[in-house]
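What follows is one structure encoded as structure tokens, with my remarks underneath.
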Amino acid sequence: MSELQKTSKTLSYWLRHSPEAANLKMDGEGWVATKAVLEALKAEGLPDAFEHLSMVVMGSDKKRFEFSADLECIRARQGHSVTVVADWEPADPPPTLFHGTVDRFVESILVQGLLPQARHHVHLSPDIETARNVGIRRGKPVILQVNTGKLVEDGAAFFLSGNGVWLTAHVPPSALRRID
């Protein structure tokens, strides 16, 4: 695993799930001081140069993190299990979105729907390829098609994160269809 990947995984853990593991102070919107993150990376034995951190943030294909406009703070865009009140923009989704998973979860999903589990929202992808890339991290991917038009009609709220991930509270089984 490269140093960039190690840093990205470490940041994901700290900025999404456990800022206290690195003694980081997170504000209500998920922002952490960039300087404190660099110090925590150094303590972890990872590269602590701003340029390295910037490469992780700017070079990520999934755009998991973002800097504040003044570069003084950094945060994860979504995927938090810690409480944050992020500034995700409410948005009207396209008629169809997708969710990537693996076969061992499909039966439960088709009974309960998509639930946020330990996160704040269910994450949906704008296209099949992105959903496939999400699912493949855990094995052979299974793609679920989400009828967002029906959900919007039923009053569901959708948010679009800064990296193109669609967020919603729950997707009931009636709005899902397995596609292979």
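Rule-based calculations on the coordinates, nothing more; no lab input. Since we're looking at a predicted model, the values are computed, not measured. Cβ placement follows ideal geometry from the backbone for every residue including glycine, while neighbour counts extend to all protein chains displayed.
Worth a mention:
- Distances between placed amide hydrogens fall under 5 Å for HIS120 paired with GLY79, HIS80, all partners being 5 or more residues away or on another chain.
- Comparing mean-square fluctuations of GLY45, GLY149, GLY113 from a GNM of the chain with C-alpha springs under 10 Å, the top value falls on GLY45.
- Which listed pairs, of LYS9/LYS42; LYS63/LYS140; LYS25/LYS63, have C-alpha distances above 20 Å, in listed order: LYS63/LYS140; LYS25/LYS63
- FRET efficiency estimate (nearest 0.05) - Cβ-Cβ, GLU29 to LYS150, R0 25 angstrom: 0.20
- Under 14 Å, Cβ to Cβ, from PRO172 - net charge with Lys/Arg +1 and Asp/Glu -1: 0
- Simple spin-label estimate for MET1 and LYS140 in nanometres, 7 Å along Cα-Cβ: 2.7
- Put a dot 7 Å past the Cα of LYS63, heading toward its Cβ, do the same for LEU115, and the two dots end up 3.1 nm apart.
- Entry for Cα extents along the principal axes in Å (calculated from the structure that is shown) out of (i) 48, 32, 24; (ii) 80, 36, 20; (iii) 57, 46, 35: (i)
- Full extension of the chain between SER12 and ILE179 gives 57.1 nm of extra length, using 0.36 nm per residue less the Cα-Cα distance.
- Gain in span if fully extended, GLU39 to PHE105, counting 0.36 nm per residue against the direct Cα distance: 19.9 nm
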